[in-house]
Every structure is written in C-alpha cells, then in structure tokens.
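As structure tokens, the structure follows; a few thoughts come after it.
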Amino acid sequence: MSALFGEPVATAATGLAAYACHPHASRGRRFAEPEAPTRNLFQRDRDRIVHSTAFRRLVYKTQVFLNHEGDLFRTRLTHSLEVAQLGRSLARALGLHEDLVEAIALAHDLGHTPFGHAGQDALNECMSPYGGFEHNLQSLRVVDSLEERYPQFDGLNLCFETREGILKHCSQRNAQMLEEAEPGGVGARFLQRQQPSLEAQLCNLADEMAYNAHDIDDGVRSGLITLEQLQEVVLFNTYRLRVQDEFPKLSGRRLLYETIRRMLSDQVYDVMDSTRALLQEHAPACVDDVRRSPPLVRFSPGMRAASTELKHFLLHSLYRHPQVLQTTDWARQVVSELFNAYMNKPQDMPERHAKRSNLPRAVSDYIAGMTDRFATKEHARLTA
Ligand code: MG
C-alpha cells in the first residue's frame, strides 16, 4: 500500500506531541460522566463553555473601554475570541491540543466583573473582610459551581486540564482553600510551585499578545493615544518603519493595522521558536514533566523586553489616561454602592442569591456576573 493511502489521516489527535495534553490521559471530571460518542473531552468542554450563560454575558462586559462608549471597541467576548485564535495557531504549530487551548481561552475571562479592572478592584475592596475577590478564581467558580445547567451537578463539570488552565494565578491563601476542598486538585500546583500544561501556558501568553495588540488599536480609535506617541515604543515603531518603507504613501488606519498585524505575527513566530528551543533543552516526555519544568512557552528575551515596554506604555498612556480614570471612578462607585445595597437588603437580589447562607459571597457572585449595562440599570434602580 502506498504511503499516501496507507498512513492514517493526519488529524488534530495524531498531530499531538508527547508533551501535549491527551484527552484519553485526562485527569478527568469531578463528576464521572459517560464519554460523548464523537467529541473528545476538551472539545466537549469548549462546547459547554460556548453554551454557558457567563460566556454570553462577555459581550456586554468591558475590556478597557466601557461597553457603551463605542460599538467597535473590544469587549471581553471579542478579546476572548482573539485569544482563542492566537492560541489555536500556536497550538497547531507546536503539536499541542487545539481544543483544550480554545476551551481555556474562551473561559479565561468568565469571572470578570462588569467595568473591567475598576469593577474588580472595587469588588475586591468590598469583599476584603470576607476573603476578597479575584477574577481568576472567580472564572473557576463560574465553571465549577455558578453555572446552573445540568441536573446532576452545579457548574459545567469541566476536565481537570481545562480548569487548570483557567486558574492561571492564585494566592497561597486561595490555593490552600482549593486544596482543602479538592486535595491534589487545581490549587496544588501553586503550593508545590509547579507549572500548568503547555496549553495553559500558551493561553497566558496569547492573552498578553492579544490585549497588547488590540489595545493599541482601540486606544488609537478612541483618540486617547496617537500614532506619534506610539513611535516612542520600540516594538511598534520597528514594524511601522518597515511598513512605511514598503508602502511610503500609507497612513492612518491602514498603516496602523498593517503595523499591528506584522507585530503580532512576529510575536507568534518568536514564541514558536523560543518554545521549540526550550522544549528541546528540557525534553519533557509527558505533561507531568512539563509541570515539573520551568515555564516553557515564552518569548525570546528580546521580545519579552519589547513586549514589557509596550505594556508599560499602555499602562501609563492608556489605562491611566485621565479620561479612562474618570470612567473607572464612576464604575468603582457603582460596584461598591451595589454591594452595600444588597448587603443591607438581600431581597433586592433574585431569591436564589438572597437565600444563600454566605451573604457577602452571594452578593459578590451576583455582582461579578452582571454585564456593564445590567449593573448600571440596577444601580439606578437601587439608588434612585
Ligand atoms: Mg484576558
């Protein structure tokens, strides 16, 4: 038989490297379920996430610009889709499991409050006497317990590998709490100082690449940062000069898009090259070897420095722009006033939240789940 017809068809599964997460070797779900006839475990997780209520809410949650400020700015939903796209491209090239990467990417921001980081900071402040609020841990709470879809269990009952990827950072205190509830579970690696799977590491970096790139775009669109300011950022300017060299008449939006496109694609190749080199050096034979190794999905040192410079620029020029800070002050006020209102009068929440025994956590979960516009409406109703 010729090689062409005799070889098994290359599928995502056969293209998997030994160090990838293999669905058949999964550490499984918290509640045993029969396998689906045609979908692997990670594919099924991805599908469960897409059908969840929390996922639909992402469309009305702020990334940087408040949802009502313009229709073209990224929301948590479009951000998550961009992370999934970058993640899948990288996963395919590195022999990692694309479905798992997609599941983690689509779920990574499910626990975000309304109004972006301002909302999270305000909620964390309100919750500080009661164990605090952390959006990453909240994403895990959403998929583990807050979604109500299935008759036999709370949450989405996702695989260990997907949950491991969703919990990208965790304080020692929270890790200890998770460990008590689930010994050897997703909290354990923070106590043992181990790494997550390569799929999880990859999503983490894809997240950074996605927001750096789209925040430049949104920042310029909003008028809060300019192309001239961006010329001081080495990474951006390198590609801008190359584009203008090739297309001297190009300006405005197309110049911006082409510069971002080249920057992003070079970052993808940079991650591929340095990750391949690290994989060769550490030679993990399986995912548990990966967990015991140092972080393996990384930028080259040069790209790391350039990306960090860009992040600093965005922090100072965009995220801390007076106009952004003005809206974040308002958002903080909305979240903390909502918190106080529900604490004083739990019956203003739907019954299933009001009747929970841990009131502060119930209030926190309820507020964290809100979209920007629902929070705004509720705030107007309760403070009228
Ligand atoms: Mg993100």
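Key figures for this structure:
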item: Residue that is surrounded by the fewest Cβ atoms within 10 Å (Cβ to Cβ), among those in region 103-127 that are within 14 Å of the ligand (Cβ to nearest atom) and not aliphatic (A, V, I, L, M); result: H117
item: Of all residues making up region 203-224, the number that are among the polar types (S, T, N, Q) and more than 11 Å from the chain's Cα centre (by Cα); result: 2
item: Close pairs (7 angstrom Cβ cut-off, 6 or more residues apart or separate chains): within 18 Å of G111 (Cβ to Cβ) in region 72-85, near the ligand (Cβ under 10 Å from one of its atoms) and aromatic (F, W, Y) anywhere; result: H79/Y211
item: Index of the failed condition, D154 passing every other in (1) more than 20 Å from A210 (Cβ to Cβ); (2) touching a residue at least 40 places away in the same chain (Cβ under 8 Å); (3) out of contact with any Lys or Arg (no Cβ under 9 Å at 6 or more places or on another chain); result: (2)
item: Test for S293: is it more than 17 Å from A18 (Cα to Cα), surrounded by 13 or more Cβ atoms within 10 Å (Cβ to Cβ) and of a type outside the set (K, R); result: no
item: Breaking point among (1) buried (at least 23 other Cβ atoms within 10 Å of the Cβ); (2) at pLDDT 95 or above; (3) in contact with a Ser or Thr (Cβ under 9 Å, 6 or more places away or on another chain), for L140; result: (3)
item: Condition met for I225 (buried (at least 20 other Cβ atoms within 10 Å of the Cβ), farther than 30 Å from E164 by Cβ and either more than 16 Å from the ligand (Cβ to nearest atom) or of a type outside the set (A, V, I, L, M, F, W, C) (or both)); result: yes
item: Test result for S89, within 11 Å of the ligand (Cβ to nearest atom) and within 30 Å of Y19 (Cβ to Cβ); result: no
item: Cross-chain or 6+ apart pairs with Cβ under 7 Å, region 97-124 first and within 14 Å of N204 (Cα to Cα) and touching a residue at least 40 places away in the same chain (Cβ under 8 Å), then within 14 Å of the ligand (Cβ to nearest atom) and acidic (D, E); result: H108/D207
item: Elements of type helices (runs of 4 or more DSSP H) in region 173-273, at least 1 residues being farther than 16 Å from L310 by Cα; result: 188-192, 198-222, 234-246
item: Residue pairs meeting the criteria (Cβ under 8 Å; at least 6 apart or on separate chains; first of a type in the set (V, I, T), in region 199-223; second within 15 Å of the ligand (Cβ to nearest atom)); result: I216/L314
item: Members of region 12-37 found to be part of a loop (DSSP other than H, G, I, E, B) and over 19 Å from L156 (Cβ atoms), listed by number; result: A12, A13, T14, G15, L16, A17, A18, Y19, A20, H22, P37
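The values are calculated or read from the model by the stated rules, or taken from the named source; none is laboratory data. All of these numbers come straight from a predicted model, not from anything done at the bench. Reconstructed Cβ throughout: ideal geometry from the backbone, glycine too, with neighbour counts over all protein chains shown.
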